[in-house]
Structure formats: structure tokens, C-alpha cells
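Engineer: Got a structure for you, questions after.
Every read-out reported here was derived from the displayed coordinates using simple, explicitly stated rules and does not represent laboratory data. Every value quoted in this text rests on a predicted model; they were computed, and no experiment measured them. All Cβ positions, glycine included, derive from the backbone under ideal geometry; neighbour counts span all protein chains shown.
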2 protein chains.
Amino acid sequence: MKTRITELFGIEHPIVQGGMHYVGYAELAAAVSNAGGLGIVTALTQPTPEDLAREITRCRDMTDRPFGVNITILPTFRDVPYGEYLQAIIDGGVKIVETAGRNPEPHLPALQAAGIKVIHKCTSVRHALKAERIGCDAASVDGFECGGHPGEDDIPNMILLPRAAEELTIPFIASGGMADGRSLVAALALGADGINMGTRFIATKEAPVHDKVKQALVDADELQTRLIMRPLRNTERVLSNAATERVLEIEQEKGDDVTIDDIRHLVTGELGRQVLHEGDLDAGAWSCGMVAGLIHDVPSVKELVDRIMAEAEAIITERLTGVLAEA
Amino acid sequence: MKTRITELFGIEHPIVQGGMHYVGYAELAAAVSNAGGLGIVTALTQPTPEDLAREITRCRDMTDRPFGVNITILPTFRDVPYGEYLQAIIDGGVKIVETAGRNPEPHLPALQAAGIKVIHKCTSVRHALKAERIGCDAASVDGFECGGHPGEDDIPNMILLPRAAEELTIPFIASGGMADGRSLVAALALGADGINMGTRFIATKEAPVHDKVKQALVDADELQTRLIMRPLRNTERVLSNAATERVLEIEQEKGDDVTIDDIRHLVTGELGRQVLHEGDLDAGAWSCGMVAGLIHDVPSVKELVDRIMAEAEAIITERLTGVLAEA
């Protein structure tokens, strides 16, 4: 398949792996790139910039295809040496960076000088237009369905993607709700140039997470995600578990007075590691998209990507071409 | 275009007009049916069963193509003589009924005995499966995006449609977020057999509503709908206006203690008439889908339907076939 995204990134299939904390290690990124998609190493999962440099080297050892690095810029991460992480990316010869969170503008000159293509993750048309204006090469447009941070507008991809297509000139990928060939074709029809998959890639053989996590995604249906931290205007979509339900209780009890300190013991990233790596599923809140309802197996990354592409091709050449032919 | 829905209903295009209070009169239904879609007369907008009988006759005078009647069954409408409305539909020779609200099972034997095909509106896979089990011929699957009552599960169509496709045997149409050829192709790719459009059909020349209402839909972007009556578990998606914002204030103030009596003066159907027919846009809350963000003009129904079908065909034969051909 050839789209503006496969052209921009030099990849075979328009499928990008989402940056995911405690999941986006070299093993998964390399597997996605080797399968013809774009694998993404998550920078801040590495404790130091030196660790990131080593992870990039590890990824390059496992694939000779393009891969990217995700870096999430948040005001709350005050102590993160962003400049040093970015330097590790540049020095590592990575040519694709996904930025998320705050406006990446301060970092663009250094990245662009190194010949790096930048794709910025956005949850609204307004932010995607801003990304385009400041010089990002592409956008990742993140609908209400998505795991992690969907923003506060609650606009699903059925609306957000065509709206983005109306406004943007740069290519963009659909993020949130993407699971299979059906979602890929739907995203392309709505104007996107490819898809970003996070949760779906967690349920693969190569994903470096505990088997209990993969099984939890297979078991979950579409009704089992929750939105937490909405009163803090830092909404996160997570899988329902004991920690999540407790967060919601605290938010309900405290109302508008709730602060991050009231729930920190249930939501911090370190607990995410305990869930994802040790399989202690109730240890803390962990990001999960509604797409869990469409996950029914744990294939290898290559099996998954090949299946998506075959299904997409069949939908286009058989189902869709068929409804026209039979008119 | 030929799908299971065009076959079931004997229509040219897989586009169904949503049943809409104070909008679904014979003029609009006939225009949609004449354009090759399926027009729908809203039964309960007619004050009496006799008025509905006359409206059905009026619609038949304006089109010789199939059209349907929507009937919404709600526990709160205790005084509605449902049996008499249904008899008017049967006696009027209508062959397609859309049911919405409560379980239509008690009414199915009479409808089926009259050779009427029944399509039931559902906001969850669970309810769609129930509709299939009790013998409905088709389902209208209603995503979180939709105007009016999206239910309480908040599952958008990017997830809900493929989930419905996995579970249902009967054909189903996608409702919510449907505006154009892009949404039609996306819905078909996700497994639906056609689309239902409500809000989009209000912004047409033939829709019997005030021009100010049509202009409000053109002016609105995707961020301007609100969910009211959530604390009553009777959530309704409406356009933001003075009445809507007041409802939200009252809900905020009263919290879990809010009752319908606190907001009745802002949300009742009679106010909807004042908004829709008299153009008094702030008179009360009125249903509006997020799709308002994708509405940019007020074409005739035929122009709209023809444009959707031409756009859908171009997306399939050019854009989607193109990304494959260029691989």
C-alpha cells in the first residue's frame, strides 16, 4: 500500500506503532519495523539519555528498516532533561520522531537540522493545525476512543478524521480505535494516510509485557475502559481494574477539589511498570483503548500486520468494489 | 450501490433518514425516498393516530417509492396510544417501521402479520443482539457521536460498528457521525450495510424547519454539542445554546439529586417545536449530532444524496483502489 505516510517515512505499510510507556522497547519497535510498519521506541521509558542511546543501538541491531522515537513533553515532568534525550535521538541517527504532549516548537530546529521528520500527536483539529503551522511533517490525530490521553474534547475519529482532512495539508494518521483491516480502510476513507496502533500492539507475541496483560486485553470488551483524571483536565483512558475504580470513587467523593496528590498512589507511571512487566493487573491504572473490545488473539507482530493488510485489500477489492459492481 | 439494506428495503442507495421529532414530516421523508434513500415519517410528531394516517397518505402522494415510519417507545410516554399509532401505520400500507426506545417485542407480531419489516435502533451490541433474537429484520446501530439519545455506554462507531458486525447476523446501518461519502465508505468498511443520517438531513432545502436552524448547523463546529440529562441516565446530545447551558448548570448544582422536574422547562419536546419551526434557537434544548462540524451547506435532499454516492464511489474506485495499485 502506498500513501503519503508510507512515502514520508519510507515504510511498506501505513501502520505506525504508538509510543507507549513501559511497552515501547527495542524488541517491539524492531518487530513492527521488520513487519513493514513503523516501530517506535518510547524515549522516557528509558531512565536516562544514555539508556535511550543504548536502546536505539539495540533497535538498530534488530532491524535495518526505519524506526522512530516517541518523546512526550509534559509540564509536570520538570526534571526531565529533554535536551539530552533529544541529543541521544539525533546522535543515534534516528530519522523519525513522534512528539506528544506540549507544543514541540522549541525542539523543532534541532530535529530539523538533523534531517529528522517530526510527527506530532494531537487530540483536536486546532492542535493539528498548530503542528502544521510550526513545521511538523505529519500529525497523529487521536480520537476519543484512544487509550491514554484523549484530551478533553471527546471527539471520536468518525468526526475528527474528516475534520482533520478538511483542514490539514500535511499527512496524518488515525490514532484511537484502530485494530484491523476494517479500521485501516475506514481511516483511509475518512481522509487519513495511515493508522497508529497502541493497545492492539500490546497484544502481540513480541510486546515485552506480562502474558496476563495480553490476556486481559483479549478478555476485555469495549465497555471496560474508564476515563480517569477528568476533573484534573488530564483525562486518561484506562482499563477498569481495582485501582481505576478507586480513582473514580475518590474523584466522586472530592468533586472539584480533587488533586493529583489524592490519586497519585494509584496512577503513577511506576505502577504501570508493575502492571505491565510483573502482571499485577490491579496494581495501578494502565492505559487501554476501547479497541480492547476488538482484540481476540495474541498473534506475532508480523502475523498481525500481514492480516491487517490482507483484510484491508479484501475489503477494498471485494466488499467495497462489490457493492458498486452489483448496483 | 447494492447492500443487504438496499435489498431488504427495496431502495437504490443505502441511506436512511433518521426519525426526528418535529422534522420527520411527509415533505422530508418523500424527498429522501424520491432521491433513492429511505425516508422516515416520525409517528409521534403527529398529535393523534388520525393525523399520522393523514401524514402517511400525504407522503404516499409525494412519492411512489418505499418510505418508513419511526415510532419511539418510551416508558415516560404513558398516555401515548401506541396500539392506535401502529394500526394507523398498518392501515396506511407502510411496509417499513423503525422502532426506537424500549424493546419492540410486544408490537412485533402485529407488524410482522402485516408484512412490515422492522429496523430497531440500538446504542449497544447487547441491545442489537436482543433485537435480532426477537425477530427484527435489521438494526440501526447508534454511536456516541449521534444527536439525540446515544445511550450511556459512550462507544463511538469506530468501535461499535465492527463489534456489531462481529456479533450480528441481520443487516445493520450506522447511525451517528454520518455526513458524506467518506462516512458512508467508512461505515461499509467497518461492516455496516448502510447509513442513517439525522442531523445532516435537517440542513437540506426540503427539511421543514426554520432557516435559522439550518444556518445554525452550518455555523456549528464539532465542539458545539453537549450531553444533557446524563445524571438522569437519559443522556441526550444537543446543540449548545442558552437552554442547554442552563440545564448543565442545574445538573451541576443539584448533582445526583437532579430530577426531570428541575429541567423540564428547558428540554421538553414542545420547546423543540419552537426552536425548529419558529427559529427561536435558544428556546430549549434540541438534538444535534457532532456531525454538525461536517455540515457546510444546505443542499436539496437529492443534491446531498447524489453527492454522497458520487463521493463514495470516487473514494472506492480512486482513493482506495489507488493506494493498492501504487503499492
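Engineer: Determine which member of the set A:281, A:266, A:304, A:294 is under 17 Å from the mean Cα position of the chain (by Cα), of a type in the set (A, V, I, L, M, F, W, C) and more than 14 Å from chain B (Cβ to nearest Cβ).
Structural biologist: A:304
Engineer: Of all residues in the stretch A:220-244, how many are more than 18 Å from residue A:282 (Cβ to Cβ) and within 12 Å of chain B (Cβ to nearest Cβ)?
Structural biologist: Residues meeting the conditions: 4.
Engineer: Scan A:259, A:225, A:268, A:235 and give me the residue that is crowded, with 21+ Cβ neighbours inside 10 Å and of a type in the set (S, T, N, Q).
Structural biologist: When all the criteria are applied, what remains is A:225.
Engineer: Hey, does the stretch B:132-142 have a residue that's within 14 Å of another protein chain (Cβ to nearest Cβ) and either among the polar types (S, T, N, Q) or crowded, with 23+ Cβ neighbours inside 10 Å (or both)?
Structural biologist: Yes, the stretch B:132-142 contains a residue that is within 14 Å of another protein chain (Cβ to nearest Cβ) and either among the polar types (S, T, N, Q) or crowded, with 23+ Cβ neighbours inside 10 Å (or both).
Per-residue answers, yes or no, for (1) touching a Gly at 6+ places or on another chain (Cβ under 8 Å); (2) farther than 30 Å from residue B:157 by Cα; (3) of a type in the set (Gly, Ala, Ser):
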position: A:78; (1), (2), (3): no, yes, no
position: A:88; (1), (2), (3): no, yes, yes
position: A:106; (1), (2), (3): no, yes, no
position: A:120; (1), (2), (3): no, no, no
position: A:128; (1), (2), (3): no, no, yes
position: A:152; (1), (2), (3): no, no, no
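Engineer: So which strands (runs of 3 or more DSSP E) stay within the stretch B:38-114 end to end and still have 1 or more residues that are surrounded by fewer than 21 Cβ atoms within 10 Å (Cβ to Cβ) and on the phi > 0 side of the Ramachandran plot?
Structural biologist: Answer list for the stretch B:38-114: B:96-101.
Engineer: Are any of the residues in the stretch B:97-113 farther than 23 Å from residue B:199 by Cβ and within 14 Å of chain A (Cβ to nearest Cβ)? Steps first, answer last, please.
Structural biologist: Residues of the stretch B:97-113 farther than 23 Å from residue B:199 by Cβ: B:102-113.
Now narrow it down to the ones that are within 14 Å of chain A (Cβ to nearest Cβ): none.
So far as the stretch B:97-113 goes, no, none of its residues is farther than 23 Å from residue B:199 by Cβ and within 14 Å of chain A (Cβ to nearest Cβ).
Engineer: Contact list please: Cβ distance under 7 Å, first residue in the stretch A:1-15 and of a type in the set (Val, Ile, Thr), second residue part of a helix (DSSP H, G or I) and surrounded by 21 or more Cβ atoms within 10 Å (Cβ to Cβ), pairs at least six apart or on different chains.
Structural biologist: Close Cβ pairs satisfying both conditions: A:3/B:323; A:15/A:305; A:15/A:308.
Engineer: Pull up the stretch A:3-27, narrow it to residues that are more than 24 Å from residue A:61 (Cβ to Cβ) and touching a helix residue (DSSP H, G or I) at 6+ places or on another chain (Cβ under 6 Å), then point me to the one that is farthest from the other protein chains (Cβ to nearest Cβ).
Structural biologist: Taking the stretch A:3-27 first, the residues more than 24 Å from residue A:61 (Cβ to Cβ) are A:3-8, A:14.
Next, only the ones that are touching a helix residue (DSSP H, G or I) at 6+ places or on another chain (Cβ under 6 Å) stay: A:3, A:14.
Working: A:3: 5, A:14: 8 Å.
Across the stretch A:3-27, the extreme among qualifying residues is A:14.
Engineer: Could you please let me know if residue A:155 is more than 17 Å from residue A:290 (Cβ to Cβ) and hydrophobic (A, V, I, L, M, F, W, C)? Show your work before the answer.
Structural biologist: Working: more than 17 Å from residue A:290 (Cβ to Cβ): no; hydrophobic (A, V, I, L, M, F, W, C): yes.
No, not satisfied.
Engineer: Considering only residues of the stretch B:12-34 that are of a type in the set (Gly, Ala, Ser) and in contact with an Asp or Glu (Cβ under 7 Å, 6 or more places away or on another chain), which is farthest from residue B:174 (Cα to Cα)? Give the derivation first.
Structural biologist: From the stretch B:12-34, those of a type in the set (Gly, Ala, Ser) are B:18-19, B:24, B:26, B:29-31, B:33; that's our starting set.
With in contact with an Asp or Glu (Cβ under 7 Å, 6 or more places away or on another chain) added as a condition, the list becomes B:19, B:26, B:31.
Working: B:19: 14, B:26: 23, B:31: 21 Å.
The extreme case among them is B:26.
Engineer: Only one of B:202, B:228, B:159, B:195 is among the aliphatic types (A, V, I, L, M) and touching a Gly at 6+ places or on another chain (Cβ under 6 Å). Can you tell me which?
Structural biologist: Just one listed residue meets the conditions, B:159.
Engineer: Let me ask something additional. Anything in the stretch A:217-231 that is over 17 Å from residue A:269 (Cα atoms) and in a loop (DSSP other than H, G, I, E, B)? List them, or say none.
Structural biologist: If the condition is that a residue be over 17 Å from residue A:269 (Cα atoms) and in a loop (DSSP other than H, G, I, E, B), then A:220, A:221, A:222, A:223, A:224, A:230, A:231 are the ones that fit.
Engineer: Before we move on, is residue B:289 surrounded by 17 or more Cβ atoms within 10 Å (Cβ to Cβ), within 14 Å of chain A (Cβ to nearest Cβ) and farther than 16 Å from residue B:210 by Cα?
Structural biologist: yes
Engineer: Could you list, in sequence order, the residues of the stretch A:123-139 that are over 20 Å from residue A:111 (Cα atoms) and under 18 Å from the mean Cα position of the chain (by Cα)?
Structural biologist: A:123, A:124, A:125
Engineer: Applying the selection to the stretch B:157-183, what residues are touching a helix residue (DSSP H, G or I) at 6+ places or on another chain (Cβ under 6 Å) and under 14 Å from residue A:161 (Cα atoms)?
Structural biologist: Listed by number, the residues that qualify are B:157, B:158, B:177, B:179, B:180, B:181, B:182.
Engineer: A further question follows. Among the residues of the stretch B:160-216, how many are touching a strand residue (DSSP E or B) at 6+ places or on another chain (Cβ under 9 Å), in a helix (DSSP H, G or I), within 14 Å of another protein chain (Cβ to nearest Cβ) and of a type in the set (A, V, I, L, M, F, W, C)?
Structural biologist: Summing the residues that are touching a strand residue (DSSP E or B) at 6+ places or on another chain (Cβ under 9 Å), in a helix (DSSP H, G or I), within 14 Å of another protein chain (Cβ to nearest Cβ) and of a type in the set (A, V, I, L, M, F, W, C) in the stretch B:160-216 gives 8.
Engineer: For the structure I just gave you, tell me whether residue A:157 is surrounded by 24 or more Cβ atoms within 10 Å (Cβ to Cβ) and free of Cβ contacts under 8 Å to residues at least 60 places away in the same chain.
Structural biologist: yes
So that you can scan it fast, the table gives a plain yes or no per residue for (1) touching a strand residue (DSSP E or B) at 6+ places or on another chain (Cβ under 8 Å); (2) free of Cβ contacts under 8 Å to residues at least 24 places away in the same chain; (3) not basic (Lys, Arg):
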residue	(1), (2), (3)
A:226	yes, yes, no
A:254	no, yes, no
A:258	no, no, yes
A:274	no, yes, yes
A:284	no, no, yes
A:294	no, no, yes
A:304	no, no, yes
A:316	no, no, yes
A:324	no, yes, yes
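Engineer: Within the stretch A:232-257, work out how many residues are β-branched (Val, Ile, Thr) and assigned to a helix (DSSP H, G or I).
Structural biologist: Residues of the stretch A:232-257 β-branched (Val, Ile, Thr): A:235, A:238, A:244, A:247, A:250.
Narrowing the set further to residues that are assigned to a helix (DSSP H, G or I) leaves A:244, A:247, A:250.
Looking only at that region, the number is 3.
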